[in-house]
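S.K.: Input: one structure, supplied below.
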Amino acid sequence: MPKFDFDLIVIGSGPAGQRAAIQAAKLDKRVAMVERKTVLGGVSVNTGTIPSKTFREAVLDLSGFRERAFYGMSYTVKQNITIEDLLLRTDQVIRHEIDLIRHQLTRNRVELIGATASFHDAHTLKLNYVDGRGERLVTGEVVVIATGTEATMDPHIAFDGKRIITSDDILSLDRLPRTLAVVGAGVIGCEYASMFAALGVRVTLVDRRPRLLPFVDCEIVDILTHHLRENRVTMRLNEEVNTIEPIRDEHGDRVKIHLASGKQIVAEKALYSIGRTGNTSKLNLQAAGLPADDRGRLVVNESYQTQVPHIYAVGDVIGFPSLASTSMEQGRLAVCHAFHIPAKAVPELFPYGIYTIPEISMVGKTEEELTLAEVPYEVGKALYREIARGQILGDVTGLLKIIFRTDTREILGVHIIGEGATELVHIGQAVLSFGGKLDYFVNNVFNYPTLAECYKTAAFDGINRMGLHPEETDPLTFPVNPANA
Ligand SMILES: Cc1cc2nc3c(=O)[nH]c(=O)nc-3n(C[C@H](O)[C@H](O)[C@H](O)COP(=O)(O)OP(=O)(O)OC[C@H]3O[C@@H](n4cnc5c(N)ncnc54)[C@H](O)[C@@H]3O)c2cc1C
């Protein structure tokens, strides 16, 4: 008889949990996945990544936003866009994704358990069935905690899911507001602020910090800020929110936000987006001998092991970078480590995608980081308006910027704002990961007309700034295998 009920128990069915479970199943392990919601997929599929990106696509399509460079600011595909119009597309994509995940997990013989899990001891979980069938104890040789996060809620704020909401409530909005206050100019706050602004909603964006998205390259943030202002977003930066008060006046139910500076913002709805807290409070972590930090997050080593060696934690519950993309890889790597399969840590050079309108993507270092680290660098830039594809698409404000070392011309970072940025970044990521130089882009041919051509234009701009001629660059910029030379 095996000593444990399962070789692996995964808590949580988000991207991190899914990859952990499937990796273990591929290794012929007996795997259970416990999920407390009646639907699989976690925040990623149900309220976060997938819905917000589908919502954005629906906003862009129905508003005709992409075509406005040609047909004018008043152009729209559909008059009076409703929340139902936007959610129609979102619902279909969510349903499809949930079905796909269930299919993948069951095909790999992962036992799916609809229950809330908490620790009984370090190898035993108490499962409280969601369908009211009571409780059960199960044991696992290895446990992976992939419980994700939930929107941080200030206890002094009267969240009601209608007027004062978090990003989790967007999909159940009763109607599109005419005015919206977004508290928190992080990734989620900026993404939704730009989407609602593209729909013609008057948005006010409030943050206590002096700039949007502090980890993003300054020049890119300046361009985003300009776009938001063009779309009539009012920025209230360096402002602290004291209270959010629900009010009723002759215009109906609204909110009044009181700022520490004495200013007030009145809007139909307030989207509160100041961060996320790890889902660990219900796990009874003490029973497993595990602590969580003050934001509910777990500390792990480079193999995603907690201080209890057979308990791993992956995904958003361990904090930065809190992306679906990195969460998946962490889940896979944790399981490889647990079952002694050689695997490497998540590469440092992962790309970051921010689906504002326009979208932003980046990989590697920013100018600010390099200046701080005293690394000598130069930049090469391509404006989308100089590229035929940019003109064809009607994106004449996009920018692709390559940062490279002045002495070796090695690429240090790629930063893009504009149509297709989140796809385009992977070309830069590949060259960067292989230790490539700016020269690669100077000496290679790209499909025409494409946005990828921006890389070549930026590279020429870079060598021009260095006072170099193309002939002075090196056509072989990757280490080559002598056997193939
Ligand atoms: C609005 C929004 C937009 C986003 N956009 C992007 C994006 O564009 N790109 C990107 O890469 N990332 C994006 N993210 C982040 C992404 O959603 C997360 O990084 C990802 O979902 C983390 O995956 P996870 O598996 O760690 O956790 P989650 O997806 O949060 O899943 C955790 C699961 O664990 C379950 N659970 C929790 N506690 C228990 C328990 N005790 N017992 C049983 N089950 C439990 C939860 O119900 C949940 O289903 C976005 C997030 C939000 C909120």
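Each reported figure results from applying straightforward, stated rules to the coordinates on display, with no laboratory input. Bear in mind that the values here come from a model prediction, so they are computed numbers and not experimental data. Glycine also receives a Cβ, built like all others from the backbone with ideal geometry; neighbour counts cover every protein chain displayed.
S.K.: Where in the chain lies the longest segment free of GluC sites (Glu not before Pro) that are both loop residues by DSSP (not H, G, I, E, B) and have at most 15 other Cβ atoms within 10 Å?
M.R.: Maximal segment without exposed cleavage sites: 1-239.
S.K.: Estimate the FRET efficiency between ARG385 and TYR448 by the formula 1/(1 + (r/R0)^6), using the beta-carbon distance for r and 22 Å for R0, to the nearest 0.05.
M.R.: 0.85
S.K.: Moving to a separate point now. How high is the FRET efficiency from ALA343 to MET1, r the C-beta distance, R0 41 Å, rounded to 0.05?
M.R.: It comes to 0.85.
S.K.: Still on this structure, I have one more. Taking LYS365 as the anchor, which aspartates and glutamates have their alpha carbon closer than 14 Å to its alpha carbon, excluding any fewer than eight residues away along the same chain?
M.R.: ASP217, GLU219, GLU348, GLU374, GLU378, GLU410
S.K.: List the residues whose amide H sits under 5 Å from the amide H of VAL142, counting only those 5 or more places along or on another chain, with H placed 1.01 Å from N in the peptide plane.
M.R.: LEU8, ILE9
S.K.: Pop a pseudo-label 7 angstrom from the Cα along the beta-carbon direction at both ASP131 and ARG465 and give the gap in nm to one decimal.
M.R.: Here the modelled spin labels are 6.1 nm apart.
S.K.: Sticking with this structure for a sec: Find the percent of Cα-Cα distances in the range 131-255 that exceed 19 Å, and round it to a whole number.
M.R.: 58 percent
S.K.: Please state the equivalent ellipsoid semi-axes for the range 165-234: what are the square roots of 5 times the Cα gyration tensor eigenvalues, largest first, in whole Å?
M.R.: Equivalent ellipsoid semi-axes, largest first: 21, 14, 9 Å.
S.K.: Right, next: If you bin the C-alpha pair distances of the range 76-130 every 5 Å from 0, what whole percents do you get?
M.R.: Values per bin, smallest distances first: 4, 14, 12, 13, 14, 12, 10, 7, 7, 4, 2, 1.
S.K.: Kindly give the semi-axes, whole Å and largest first, of the ellipsoid equivalent to the range 13-120, taking each as the square root of 5 times a Cα gyration tensor eigenvalue.
M.R.: The equivalent ellipsoid of the range 13-120 has semi-axes of 39, 13, 10 Å.
S.K.: A further question on this structure: Just want the ordering: THR408, THR166, from fewest to most Cβ atoms lying within 10 Å of their own Cβ.
M.R.: Least to most surrounded, the residues fall as THR408, THR166.
S.K.: With N residues in the range 85-167, what two-decimal value do you get for its Cα radius of gyration over 2.2 N^0.38 Å?
M.R.: 1.49
S.K.: Measure up LYS53/LYS401; LYS3/LYS37; LYS381/LYS437; LYS401/LYS437; LYS26/LYS126 against 21 Å on the Cα-Cα distance and list the ones that go over.
M.R.: Over 21 Å Cα-Cα: LYS53/LYS401; LYS3/LYS37; LYS26/LYS126.
S.K.: Using only alpha-carbon positions, what ratio does the radius of gyration of the range 224-311 give when scaled by 2.2 N^0.38 Å?
M.R.: The value comes to 1.72.
S.K.: When the convex hull of the Cα atoms of the range 278-349 is projected onto a plane and the area is averaged over all directions, what value comes out in nm²?
M.R.: The number I arrive at for the range 278-349 is 4.8 nm².
S.K.: Over the range 232-277, what number does the Rg to Rh ratio reach, with both radii from the alpha-carbon atoms and Rh per Kirkwood?
M.R.: For the range 232-277, the value is 0.99.
S.K.: Would you mind estimating how fast the chain diffuses translationally, via Stokes-Einstein at 10 °C and 1.306 mPa s with the Kirkwood radius over Cα pairs, in µm²/s?
M.R.: Stokes-Einstein gives a translational diffusion coefficient of 65 µm²/s.
S.K.: Per-residue ellipticity at 222 nm for the chain, helices alone: DSSP H runs ≥ 4 residues times -39500 (n - 2.57), over residue total, nearest 500 deg cm²/dmol?
M.R.: Rounded to the nearest 500, it is -9000 deg cm²/dmol.
S.K.: May I pose another question? Kirkwood hydrodynamic radius, computed over distinct alpha-carbon pairs, for the range 1-46: how many Å, to one decimal?
M.R.: Computed over Cα pairs of the range 1-46, the Kirkwood hydrodynamic radius comes out at 11.1 Å.
S.K.: Using only Cα atoms, figure out Rg for the range 282-415 and give it as a multiple of 2.2 N^0.38 Å.
M.R.: For the range 282-415, the normalised Cα radius of gyration is 1.42.
S.K.: Can you pull the Rg over Rh of the range 359-485, Cα-only, Kirkwood?
M.R.: That ratio is 0.97, to two decimals.
S.K.: Within the chain, which complete DSSP H helices have Cα atoms spanning at least 15 Å along the helix axis and a mean Kyte-Doolittle hydropathy of 1.0 or higher?
M.R.: TM-like helix candidates: 187-198.
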